[in-house]
Amino acid sequence: MSDWSAKNPYMTQITENYILNGEGSKKETRHIVFALGDSGLDYKVGDALGVLAENPPHIVDDLIAVQGWDPEMTVTTHNGERSLYDALKKDFEVHMANKKFVQSLAEKVVSSGMKISMSIVSRTRNESSWSANEDQQAPPSLKPSVPTDDPAAQVEAITSDTKAIEDYLWTRDYIDIMREFDVKYTPEEFFELAGRLKPRLYSIASSHDAHPGFVELTVGIVRFEYNGRARGGLCTQFMADEIDTSGAPIGVFMSPTKSFVLPDDKDIDIIMVGPGTGIAPFRAFMEQRVHDGGGGKNWLFFGDQSEKTEFYYKDEIESWIDGGHLYRFTTAWSRDQEEKIYVQHRLKEHGAEIWEWFERGAYFYICGDKTYMAKDVHRALIQIAIDHGGMSEEDATHFIGDTMMKEQKRYLRDVY
Ligand SMILES: Cc1cc2nc3c(=O)[nH]c(=O)nc-3n(C[C@H](O)[C@H](O)[C@H](O)COP(=O)(O)OP(=O)(O)OC[C@H]3O[C@@H](n4cnc5c(N)ncnc54)[C@H](O)[C@@H]3O)c2cc1C
C-alpha cells in the first residue's frame, strides 16, 4: 500500500478532461481522468479521490496588487518558508473571504480612525431594556439603522449577526472587501485570518479493474459572477481552467470508504439513485458489476435539468442496457416539461416494484445533493414502505432509517 495522503499527495497529471454537457447547457460538468503512474495507489468502487488545488493566479495577482505586497518576499507559513506569491497560491484559501476576516474589519476600520459615533439606542421590549452608546453593543435585532456611507457603521451592521455576514460574503471576496473598506493587512496578519487550503473529495467514477492505472471523476464546475468579476470554486476551476490537460502537476490521494460498498454477494440486486454528479460512483459500480459478472440486477435512477444537455455517459448507459447489464434505467429530467420532475417522484411512481426489490433483499444506494435530494429521496422511501409495505408511518420510518440503513446496512449514502 502506498502512503500518499492529504499532507503528502501524489503529484500526477490529468490525461483527459472534457465537458459532458450538450450545447446550450447552463451547467459545466466534466469527466476528468488522472494517471496513477508509479504511485502504487489502488482503489475500490465507492472510494473518493482527494484533490489538492491552488488559487487562480489572477486572484493572487489582484490580492498582491490591492495590498501593495512584494510577491517575492520570503514568508513562513504552516508549510514552511516560501515566497509570498507561493504562499498565497498554495497554502491558503484566498479565492473566497471568510467570517473571521470580516470580523477583523471592526478592528481595522477603528484603528484606521474611520470609526464615528454610533447613535444612542434605547429601546424596551419584553420587559428587558437595553441602552447603547458607541461603547456598548445593542442586541442584533435592535440595531439602529446606519448611514450607508459610514464605513465603521457599515462594518458594525455586517458583523452584527451571522446571517448578515453570510449574506455579505456571498457576493464578495477578499479583494472586493479590501477595496470597499480600503484596508491594509500585513501578509502575516492575513495568514492569521485566511483559512488553510483544504483538499476536496470526489466520488470516484471508475472501476480500477476497468481502467487500470487511472482514476476518473465526474465534476460539476462551480462558476458565478459578482460585481463584474468572474468567480468560482477553488478546486473545480483549478481542474477546469488551470490544469485542463496541460500536464501541470496536481496532488491527489485516496479516501477509502468502509460503508459505501457493493454487496459481497454478486447475485444481490441493487438500486442506485444518482442525479447530476451523483452518477459518479454508479458509473464505477456498473463497470465493476460488468467486470465481476454476477447475477444481481442493476437499476439506475438518473436525472438532471434536461435530457438534451445533461444526459451524462449516455453511450455507456445505452451499452449497459443493450448488453443486459442495466436491467432498469429510469430518468427524471426536471426542466423538460411544465412541472418539475425529480428522482424522488420517479421512485414513488415505481414504488410497487421497488418494494418487491426490497423484499428480495436489494441494496439501495444514493449519491449527490445532501441538502434537498437526499432528504426528498428518504421521504419517498418512507412513503413507499407505507403504500406498498402496508406499514404505519412510524414503522415505515423505522424500517427505512433504522432497519435498512443501520441494522442491515443495505441503504447506503454518499451525499455532499
Ligand atoms: C464525499 C464527497 C464526494 C464528493 N463527490 C463529488 C463528485 O463526485 N463530483 C462533484 O462535482 N463534487 C463532489 N463533491 C463536492 C466537492 O468535494 C467540492 O465541494 C465541490 O467540487 C466544490 O469545490 P470547489 O473547491 O470548486 O468550490 P469551493 O471553493 O469549495 O466553493 C464552493 C462554495 O462556493 C459557494 N458558492 C457556490 N455557488 C455560489 C454562488 N452562486 N454565489 C456565491 N457563492 C457560491 C458556496 O458557498 C459553496 O459551498 C463531493 C464531496 C464530498 C464530501
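The values are calculated or read from the model by the stated rules, or taken from the named source; none is laboratory data. Since this is a predicted model, take the numbers as computed values, not measurements. Positions of Cβ are generated from backbone atoms using ideal geometry, with glycine treated the same way; all protein chains shown enter the neighbour counts.
Taking the stated definitions as given, is Lys375 without any contact (Cβ under 8 Å) to a residue 24 or more places away in the chain and closer than 21 Å to Ile204 by Cβ?
The answer is no for Lys375.
I need a count of the residues in the stretch 401-416 that are touching a residue at least 12 places away in the same chain (Cβ under 8 Å) and touching a strand residue (DSSP E or B) at 6+ places or on another chain (Cβ under 6 Å).
Result for the stretch 401-416: 6.
Taking the stretch 366-391 as the search range and keeping residues that are closer than 19 Å to Gly220 by Cβ and of a type in the set (Val, Ile, Thr), which one is farthest from the ligand (Cβ to nearest atom)?
Val377
Residues that are crowded, with 18+ Cβ neighbours inside 10 Å, at least 3 per element: which helices (runs of 4 or more DSSP H) completely within the stretch 294-398 meet that?
On the way: elements: 307-310, 314-322, 343-349, 351-359, 373-389, 393-398.
Result: 343-349, 351-359, 373-389.
Given (1) more than 30 Å from Arg200 (Cα to Cα); (2) modelled with pLDDT of 90 or more; (3) surrounded by fewer than 14 Cβ atoms within 10 Å (Cβ to Cβ), identify the lone condition not met by Asp149.
Single failed check for Asp149: (2).
Go through Asp304, Asp267, Asp292 for me and flag whichever is within 16 Å of the ligand (Cβ to nearest atom) and at pLDDT 95 or above. Break it down into steps so the answer makes sense when it comes.
On the way: Asp267 fails: within 16 Å of the ligand (Cβ to nearest atom); Asp292 fails: within 16 Å of the ligand (Cβ to nearest atom).
Testing whether each residue is within 16 Å of the ligand (Cβ to nearest atom) and at pLDDT 95 or above leaves just Asp304.
Give, as residue ranges, the helices (runs of 4 or more DSSP H) completely inside the stretch 150-252 that count at least 2 residues that are more than 9 Å from the ligand (Cβ to nearest atom) and of a type outside the set (Ser, Thr, Tyr).
151-159, 162-170, 174-181, 187-193
May I ask you to list the residues in the stretch 253-277 that are crowded, with 21+ Cβ neighbours inside 10 Å and not in a loop (DSSP other than H, G, I, E, B)?
Phe253, Met254, Ile270, Ile271, Met272, Val273, Gly276, Thr277
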